[in-house]
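Step one of this worksheet: look at the structure below.
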Number of protein chains: 2
Amino acid sequence: SVNPDIASERQTPSFSVEKLTARLDGGVEQTRMRRAVVEAIESDPEFSRESQYFQSQNERYEAAVRKAVHLQKKMHEMGWTENGPEYKYIYRALSGDVAFLLHRIFVRSISMLGSDEQIAKWIPLASQYQLIGSYAQTELGHGTYLQGLETTAVFDSSTQEFILNTPKISAMKWWPGDMGRSATHTVAFAQLYIHGKCYGIHPFIVQIRSLQDHSLCPGITAGDIGPKMNFEHADNGYLMLQNVRIPRENMLSKFCEVQPDGTYVRRGSQKINYFTMTTVRISLLSDEVLAPLMKACTIAIRYSVVRRQSKLKPGEQEAKILDYQTQQEKLLPQLAAAYAFHFINDYLQELFNRAYREIQRKNFDTLPELHAFSSGFKALVTQHCTSGVEICLRACGGHGYSLLSGLPSLYTKILASCIYEGENTILLLQTARFLIKCFMAASAGQPVPPSVTYLAAVKPSKCPAKNKLDFLSPDIYTEAYQHSAVRLISSTAAKLQDLVQSGVKKYDAWNRCTVQLVQAAKAHCHYITVKNFAETVERLETKAGIQKIMKHLCDLFALHGIFSNAGVFLHDGYISGAQMDMVTASYLDLLAVIRKDAVPLVDAFDFTDKSLNSALGSYDGQVYQRLYEWAQKSPTNTQMNPAYERYLKPLLHNTLSKL
Amino acid sequence: SVNPDIASERQTPSFSVEKLTARLDGGVEQTRMRRAVVEAIESDPEFSRESQYFQSQNERYEAAVRKAVHLQKKMHEMGWTENGPEYKYIYRALSGDVAFLLHRIFVRSISMLGSDEQIAKWIPLASQYQLIGSYAQTELGHGTYLQGLETTAVFDSSTQEFILNTPKISAMKWWPGDMGRSATHTVAFAQLYIHGKCYGIHPFIVQIRSLQDHSLCPGITAGDIGPKMNFEHADNGYLMLQNVRIPRENMLSKFCEVQPDGTYVRRGSQKINYFTMTTVRISLLSDEVLAPLMKACTIAIRYSVVRRQSKLKPGEQEAKILDYQTQQEKLLPQLAAAYAFHFINDYLQELFNRAYREIQRKNFDTLPELHAFSSGFKALVTQHCTSGVEICLRACGGHGYSLLSGLPSLYTKILASCIYEGENTILLLQTARFLIKCFMAASAGQPVPPSVTYLAAVKPSKCPAKNKLDFLSPDIYTEAYQHSAVRLISSTAAKLQDLVQSGVKKYDAWNRCTVQLVQAAKAHCHYITVKNFAETVERLETKAGIQKIMKHLCDLFALHGIFSNAGVFLHDGYISGAQMDMVTASYLDLLAVIRKDAVPLVDAFDFTDKSLNSALGSYDGQVYQRLYEWAQKSPTNTQMNPAYERYLKPLLHNTLSKL
C-alpha cells in the first residue's frame, strides 16, 4: 500500500513523468531497453544488494567477485556483449558493486598501448577471465604527478629482460583495484632505464600471482590496502617489486620499443591516447556522479513528504517537512543541479563524440579545449554532486544517518570522485591555465576556441533587470554568469601579469594566484552549465508540460548559483544590492513552485526500489515499517549479544535481590 | 626517527608551543593533569583503539562494553571520581569509544526529574552499574517536536499502575543509546492520560530486560537499529511497548505527580531544568566537535608537510603540498576556526557558569538569551567544524580516504553533531526568533539583553578601510561583521512585517522568511565569534610570541569569513569591490605567514599519536611506513582470500597451459 502522504504528491503533476523519463534516457526505446536490463539484473538473486549494509569488507569483496563471475554467465545467457547497447545499463543496474573493474582497464590499456602481437597474446586470455589483470600506476608517495613515479624498470640486454624494482617505500604501488587479492597480472608503470639512461615512464605487463595456486610470484610483495571510506567490495592493493624480471616483450610497445641491443625507438603519435584519458573523466560522470545525486534526491524528497515534524499552521496536523522553506532550500536546488548536470553531461558526450571523429582524421586541434573541458567539468560536477548528496543526507536528520537510508554509502562513495581521475583542485588549475592563455590570446585579437570566444566580447557593465520577474529571463542570468566569469578570469590574468612585471618569478606568481584561478575556472564551467541548461530548455518539446517545468528548474539552478555566490556578482556592481534582493525573491518564489512537482520530478529518474536500496526512499513511502523490518535483519540483532555473558551478566548478577 | 620534512617545520616556531598548550588547557596545572590521565588511559591495553578500523559493529560494541566495565575498575584504582577534575580528560582520552553513555543520561534525568525517594532508590543501583539505564525520548516518527510524541501512559487507578503503549509504528522509540542490547531499564517519555484526559509528555522508569537472564520483559519488543554512519560502538536501539504496566511510583515526580485517586499535581518550577537542557548543547562542543576538528587539522597539516607532489620551482625536488596556496587555503582557515571556536567555547562556558549562579538565586531573566546562545552556537560550531573536518579529509587526497588516516571516522562521527541535540536549522531559527524579538524591542527603544544591544546602535554606512593593511585591524573587521548582522536581521524583520501587513498569516510569513532568518542567525553568531576572538587576543600575554600568532589567526578567521561570504558584506556597499580586493590580498598574505607556523600550531593541540589513531598524522611524520604496516594488519590480509577457492580458482584453472 502506498503511503497517502506520498500518493497525494503524484495526483496532479504539471508534466508527464513518463515523457520526462524518456527524455532523460534519450528516447522511448532507450527507456524500454534500460528497464529490461534492470529487470533482468534485479530479478536475479545472485545480484542482490539486500544485505550490503550489514557486510564486512571480506564479505563485500567475496560478493563482488561472485557477481563478476556470475555476470559473465548472465551476459552470455542474455546475449549481451561488452560493446552492446545494454552494457551501460548493466553496470548502472549493479550500482558498480562488482569486481574486476580494473581488470577492464588492464584490457583497455593493452588494447591501446600494446603492439599487435601483445594484443593477440593477452586480450583473448583477459577477455575470458583466464587471468585477472590490474593497472598499477599510483604509488604510495605519488599520484597526479606521473613524472614523479619511482618504480624502476632496468633493461638487461644480456638476458633480454627488464628488472623491476621498488627502490623505496614511497614507490610502492598503492590503490590499484583488483590487485589486493584477485589479480594475477598487472600493467605496472615504471621509469625505464637503458644503459643507465632514464627514458621516463613506461607500461609493463607483470605477473604477480601464480596461476597454479595464486601464491605471490618471486620478488613480489602484494596485499590489500585495508579499509576505506567506501569501496569495501574492491580489493585496492599494494605491490612491491624486488628484482622482478620480465621478458623484453612485456613492455607495451605500440608507441615505443626497446630493441634487443637496447636501442630505444619511439613511433607514431600518442595524441589519440591522451584524448582517451581525457574522455575517461567525462565518461565517469553519468554513473559515478550523476546517478548518486539523483538517487539521493529521490530518497530525500520522498522522505520529506512522508516525514511530518512540528506544526506549520496552528491547529492542523504536523506538516510535511518539505513544506518548510528551509527544507525546500536544501533539497530543490540539488534536484535542479541533477537536471543541469544531466544536460551538461549530454552536451559533453556529444562534444567528445564529435571531437573523436575529428581526431580519427588526425585533426588534433581541439585537444587543448577538450582537456580544459574534461578537467573543469569533472571537478565542477563531482564537487557539486558530492555536496548535493551530503545536503540530502543531512536534510533527512537522524534517519539519513542510518546506513539503511542508503544515503551514507552514496555519500562516502561519491566523495571519492573528487579525488580519483585527477584531484579536483589540480584539474581546475589546468582549466584555469587554458582560460588564462585564451584570455591573453583574445585580448591580443588572436583567434580562440569556440567555448571561450565570450572572453573577447565587450560586455555591458550593469545588469539590466528591473524587477524580480526579469530574473526569470535566461538572457539576464546567463549574461550575469558570463560577466562574472570574464571578470574573474581577466582580473586574475591582470594580477598574474602585475606580479611578473614587478619581478616575481613566473612559477611563484602562478602559485600566488591559484586560489583565484580556481574561482575563475569554476565560474567558467558554471557559466557554461547555465547556458547549456537554458539552451536545452529552449529546444525541449513544449507539450506534456516538460519544457515549462524544466524552465523552472533552469531558473532555480541559475538563481541558486547567484544567491549562494552573491559576492561574485555584486563585486563590480554588475548586479546591485537591490537587484540581488530581486534574485532572492524570485529564487524563493521558485522553491514554492517546484515543491509542488518535487515527487514527480524524482519519480522521473525512474529508480527502482532495489536500485535505491533505501529504507527511506522507496516508491511507496512506507518509511517506518521498512526501517523497522530492515533493522531486525542486522547482525546486531541476529547474532547473540557478544557482551552479555562476559561483561553484562556479572554486573547485573546481584541486582535482583536489591530491587 | 622523525621525518626530516616535518622536523624542519619545528625548528623556528615564532612562539612557545608549550606555553600555547597551557593556554589552551587553561593553565600549566591542567596540562599536567590532562597528560597524566591520557598517559594512564593510553598505557592500558584494555583501552587500545588500535584495531578499531578493522572491527565489525558487533566487535565495536563488545569492546565498548568491555572498556566501560574496565573504566569503573580503573577509576577506582586511580582514585578518579565522576565529579573529579580528571573526568573530562578521561572521556576525551577514550575518544568517546565506550559504552554506557546513555546510562549516564539515565542517571542524570532521575537526579533532575525524580523525587527524593526515587533518587534514593535508583541512583545507587545505577551508579554501581547494577542495572543499565537508557533514555527513551525520540521516536521513529518524532524528533525535535516533543509534543508530537505518540507513546502513551494511561493511569489505571484500580491497580495504581501506568499502562504504557506504542500505539503505532511511528511511535516506536528509536535511537536511544545503550538500549539496543545493553539496557535493563529506561526513562521513557510518554503522553500521560488520566481518566481520558491528556496531560502531555512525562518521564517514566520502565524495565525492559530481565535482570536474571537479560530476556525482554513481557510486552517489550526491543533491539538494535542496525548500522549507522559511525557510532558502531553504540547499541542505539528501538523499543515497542504493548500494555506494559509499571507502578505509579515509576513516574518521575519532582515536578508533577499523579496521586492514588488520579489527581494530577504540578509543583515547583522546571525552569532550572530547561537551563540544564540548554547547557548540554554547549557542553558537547569541546569533546564532540572541537576535538575532532583539532585532530583533523593536526593530521592534515602534518601530512601536508611530508607529502610532496609536483614541482613548484623548476629544477627543485617536488614541493611539500602545504607550500601550494590552494592547500593553505583549504587547511589554514580550518586551523584558525579551531582556535576561534576554542575561545568562543571558553566564553560560553564562562557565560553559562555565571548564569547558573544567577539561576540558583531564582533569577531566570537570562534564560531566553542563554537559549538563543546555546542554540545558535551549537549550530554554528557543529556546522563549521563538520565542514572543516571534511575539508581536511579531502585535502589529503587518496590517503585521506583510507580509514587508516583517521579522517573518515572523524568526519562520519562529527557529522552526527549537526543533527543530535537539536537539528541545526531548527536551532538557528530559534536563535533568529530571539534576534527578531530583540530587534523589534531595540527599535522601539526598549531594553534588550547585553549580547544584542548592538542591534540598537546606529552604524556608519561605509567601511573606512583605505588599504589592505587596514583589514588587519580588528576594529575594522569586527565592525563589518556587526554591520552585516544588523543588516540581515533588520532586513528580514522588515520583510516579515511587510508580509504580515500585506495580509499574509503570521505563521506563513515566518515560513517564507526562514531561509533569510537562518542567514541572519548565522551572521549574528559569526559576529560574536570574531568579536570574542579579537577580544581574547587583546587579553593574551604578549610574551613568548603567543599574542602575535593568535592575532594572525584571528585576522585569518575574520578575513576568511568575509572572503567566503563576500555577498553579505558587499550587498549594501558597506564594503566596496575595491575593498573586497584588499580583503582578498590581506587574506592571501596571511596564509603565507601562518603557513610557517602551521606545524607548531597543531603541535600545540598536544594530541598523542594514540589519540589521533592516524597513519597520516603521527608526530614523527612517518606516513608511508605506517600506512604499509597498518594495512598488513587488516582482516583483508590476515584472513584467507574468501573468493579464491570458489570463484578465482575455477577461472584460472586452465590458463597455465595457454601462456
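If you go through segment A:617-627 and keep only what is within 32 Å of the chain's Cα centre (by Cα) and within 7 Å of chain B (Cβ to nearest Cβ), you end up with A:Tyr624, A:Leu627.
State whether one or more residues within segment B:523-541 are farther than 24 Å from B:Ile426 by Cβ, within 14 Å of chain A (Cβ to nearest Cβ) and modelled with pLDDT of 95 or more. Checked segment B:523-541: no residue is farther than 24 Å from B:Ile426 by Cβ, within 14 Å of chain A (Cβ to nearest Cβ) and modelled with pLDDT of 95 or more.
Each row is one residue, and each column tells you yes or no for (1) under 28 Å from B:Lys73 (Cα atoms); (2) at pLDDT below 95; (3) assigned to a helix (DSSP H, G or I).
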| residue | (1), (2), (3) |
| --- | --- |
| B:Val107 | yes, no, yes |
| B:Glu117 | no, no, yes |
| B:Gly133 | yes, no, no |
| B:Thr144 | no, yes, no |
| B:Val154 | no, no, no |
| B:Ile163 | no, no, no |
| B:Ser170 | no, no, yes |
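Taking the residues in segment A:76-96 that are in a helix (DSSP H, G or I) and free of Cβ contacts under 8 Å to residues at least 24 places away in the same chain as candidates, determine which candidate is farthest from A:Glu42 (Cα to Cα).
The extreme case among them is A:His76.
Taking the criterion of being at the interface with chain B (Cβ under 8 Å from one of its Cβ atoms) and surrounded by 23 or more Cβ atoms within 10 Å (Cβ to Cβ), the residues of segment A:544-579 that qualify are A:Val568, A:Phe569, A:Leu570. Among the residues of segment A:608-654, those identified as of a type in the set (S, T, N, Q), part of a helix (DSSP H, G or I) and within 28 Å of B:Glu139 (Cβ to Cβ) are A:Gln625, A:Gln632, A:Thr636, A:Asn637, A:Thr638.
When segment B:211-226 is filtered for residues that are facing another protein chain (nearest Cβ under 9 Å) and assigned to a loop (DSSP other than H, G, I, E, B), the ones remaining, listed by number, are B:Leu211, B:Gln212, B:Asp213, B:His214, B:Ile225, B:Gly226.
Looking across segment B:322-364, the residues that are part of a helix (DSSP H, G or I) and either in the same structural domain as B:Lys531 (by the TED database) or charged (D, E, K, R) (or both) come down to B:Asp323, B:Glu329, B:Lys330, B:Asp346, B:Glu350, B:Arg354, B:Arg357, B:Glu358. In a residue-by-residue description of segment A:381-394, the property of being at the interface with chain B (Cβ under 9 Å from one of its Cβ atoms), among the aliphatic types (A, V, I, L, M) and either within 30 Å of B:Leu403 (Cα to Cα) or assigned to a helix (DSSP H, G or I) (or both) applies to at least one position. For segment A:51-89, name all the residues that are crowded, with 18+ Cβ neighbours inside 10 Å, more than 25 Å from B:Ser402 (Cα to Cα) and either among the basic types (Lys, Arg) or in contact with a helix residue (DSSP H, G or I) (Cβ under 6 Å, 6 or more places away or on another chain) (or both). Result: A:Val69, A:Glu86, A:Tyr89.
For a quick check of your reading of the model, give me the residue pairs whose first member lies in segment A:562-589 and is over 12 Å from A:Tyr477 (Cα atoms), whose second is β-branched (Val, Ile, Thr) and crowded, with 20+ Cβ neighbours inside 10 Å, with beta-carbon atoms closer than 7 Å and at least 6 apart or on different chains. Listed by first residue and then by second, the contacts come to A:Leu588/B:Val515.
For the subset of segment B:304-323 comprising residues that are of a type in the set (Lys, Arg) and touching a residue at least 40 places away in the same chain (Cβ under 8 Å), which member is surrounded by the most Cβ atoms within 10 Å (Cβ to Cβ)?
Within segment B:304-323, the first condition is being of a type in the set (Lys, Arg), and the residues that meet it are B:307-308, B:311, B:313, B:320.
Within this subset, residues satisfying the condition of being touching a residue at least 40 places away in the same chain (Cβ under 8 Å) are B:307-308, B:320.
On the way: B:Arg307: 25, B:Arg308: 20, B:Lys320: 20.
Across segment B:304-323, the extreme among qualifying residues is B:Arg307.
Could you list, in sequence order, the residues of segment A:145-156 that are surrounded by fewer than 18 Cβ atoms within 10 Å (Cβ to Cβ) and facing another protein chain (nearest Cβ under 7 Å)? The answer is A:Tyr145, and nothing else.
Screening A:Met277 against (1) surrounded by fewer than 19 Cβ atoms within 10 Å (Cβ to Cβ); (2) part of a loop (DSSP other than H, G, I, E, B) leaves a single unmet condition, (2).
When segment B:640-658 is examined, which residues are found to be closer than 30 Å to B:Ala615 by Cβ and surrounded by 12 or more Cβ atoms within 10 Å (Cβ to Cβ)? I'd like the intermediate steps shown before the answer.
So the first thing to find is which residues in segment B:640-658 are closer than 30 Å to B:Ala615 by Cβ, and the list is B:640-644, B:648.
B:Asn641, B:Pro642, B:Ala643, B:Tyr644, B:Leu648 - these are the residues of segment B:640-658 that are closer than 30 Å to B:Ala615 by Cβ and surrounded by 12 or more Cβ atoms within 10 Å (Cβ to Cβ).
Set side by side, the residues B:Ser387, B:Ser375 differ, and just one is without any contact (Cβ under 8 Å) to a residue 60 or more places away in the chain and under 17 Å from the mean Cα position of the chain (by Cα), which is B:Ser387. Residues in segment A:20-50 that are buried (at least 17 other Cβ atoms within 10 Å of the Cβ), more than 23 Å from A:Ala99 (Cα to Cα) and charged (D, E, K, R): A:Arg23, A:Asp25. Within segment B:288-321, the residues that satisfy the criterion of being within 12 Å of another protein chain (Cβ to nearest Cβ) and either of a type in the set (Gly, Ala, Ser) or assigned to a helix (DSSP H, G or I) (or both) are B:Tyr303, B:Val306, B:Ser310, B:Gly315, B:Ala319, B:Ile321.
Starting from residues that are in a loop (DSSP other than H, G, I, E, B) and surrounded by fewer than 22 Cβ atoms within 10 Å (Cβ to Cβ), keep the ones in segment A:185-210 and report whichever is farthest from the other protein chains (Cβ to nearest Cβ). Walk me through it before giving the result.
To start, the set of residues in segment A:185-210 that are in a loop (DSSP other than H, G, I, E, B) comprises A:195-196, A:208, A:210.
Remaining after also requiring surrounded by fewer than 22 Cβ atoms within 10 Å (Cβ to Cβ): A:195-196, A:210.
Numbers: A:His195: 25, A:Gly196: 21, A:Ser210: 9 Å.
Selected residue: A:His195.
Within segment A:45-75, how many residues are outside any helix (DSSP H, G or I), more than 7 Å from every other protein chain (Cβ to nearest Cβ) and among the small types (Gly, Ala, Ser)? Reasoning before the result, please.
The first filter runs over segment A:45-75 and keeps only residues outside any helix (DSSP H, G or I), leaving A:48-51, A:55-56.
Pick out the ones that are also more than 7 Å from every other protein chain (Cβ to nearest Cβ) and you get A:48-51, A:55.
Subsequent filtering for residues that are among the small types (Gly, Ala, Ser) retains A:48, A:51.
Residues flagged as outside any helix (DSSP H, G or I), more than 7 Å from every other protein chain (Cβ to nearest Cβ) and among the small types (Gly, Ala, Ser) within segment A:45-75 amount to 2.
Give the residue, chosen from A:Ile110, A:Ile105, A:Ile194, that is over 26 Å from the mean Cα position of the chain (by Cα) and of a type outside the set (Phe, Trp, Tyr). The match here is A:Ile194.
Given the criteria at pLDDT 95 or above, crowded, with 17+ Cβ neighbours inside 10 Å and not polar (S, T, N, Q), does A:Asp235 qualify? Yes. Pairing each residue of segment A:634-656 that is within 7 Å of chain B (Cβ to nearest Cβ) and over 11 Å from B:Tyr129 (Cα atoms) with any residue that is among the acidic types (Asp, Glu) and in a helix (DSSP H, G or I), provided the two are 6+ apart or on different chains, yields C-beta distances under 7 Å for A:Pro642/B:Glu62; A:Ala643/B:Glu62.
The values are calculated or read from the model by the stated rules, or taken from the named source; none is laboratory data. Here the structure is a predicted model, which is why all the values come from computation and not from measurement. Because the Cβ atoms are built from the backbone with ideal geometry, glycine has one as well, and the counts that use them run over all protein chains shown.
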